[in-house]
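Each remark here refers to the structure printed beneath this line.
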Amino acid sequence: MKKLFLLVLPMMMSMLLAGCGYQIGYIGHPQLKTIAIAPVINETLVYNAAPQARTALVERFQTDGTLKVVDEKKADCIVYAKISSCSYQQISWSSTTSDKDLQPDQWSATVAITYSVLIPGQAQPLVKNETASGSAVFTSGPDMEISRSYAIQQAVFNAAKNVVIQVTEAW
């Protein structure tokens, strides 16, 4: 029985190692190891959205770990991004007065980031004018502007997450 086990064990191990051909790991361009994030341009009237977007992009690329974030001079590719739109939409309403007037009490903030990925020294961009969006829900609190600014920050973070997914996996 022990001899049979010693014969079968190597055969089972070789079958497991052969596998079905699935690959686990990075599926992007093999020559790209590092990335830089250029300063983000804000084409909207939303205050402070550009630095929030750049910070979110850097954080999401670092968290993803597929590409190492470095300085623009050392990077294999550079992301140029702009906040192309920001919108607010009412989601739900509630009655807050005795005469049953409905007022919005829940909102959605949506941010769109348009980006391009360029390899330094090449004329053609790797990715050109793609758009990723993110959204967040917020409520009408005591200070609507603070609620709105936190929602924009979360929507930008969600959009940055989508940029990272599209850059690292959707070649």
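Where a number appears in this text, it was derived from the coordinates with a stated rule and is not lab data. Quick caveat: nothing in here was measured; it's all calculated off a predicted structure. Please note: Cβ atoms are built from the backbone with ideal geometry, for glycine as well, and neighbour counts cover all protein chains shown.
Within a Cβ distance under 14 Å of residue 50, other residues only, what is the Lys/Arg minus Asp/Glu net charge? So the environment of residue 50 carries a net charge of +1.
Starting from segment 68-171, pick out the trypsin sites (Lys or Arg not before Pro) whose DSSP state is loop and whose Cβ has at most 12 other Cβ atoms within 10 Å. Can you show the working numbers first?
Working: sites: 68, 73, 74, 82, 100, 128, 148, 161; in loops: 73, 74, 100.
Sparse-neighbourhood loop trypsin sites (Lys or Arg not before Pro): 73, 74, 100.
Remark on residue 106: its backbone amide H falls under 5 Å from those of 91, 92, 140, a criterion applied only to residues 5 or more positions apart or on other chains, H modelled at 1.01 Å from N. Any idea which of 156, 103, 138 is furthest toward the positive side of the dipole for segment 25-169, if Lys and Arg beta-carbons carry +1 and Asp and Glu beta-carbons -1? After comparing all options, I get 156.
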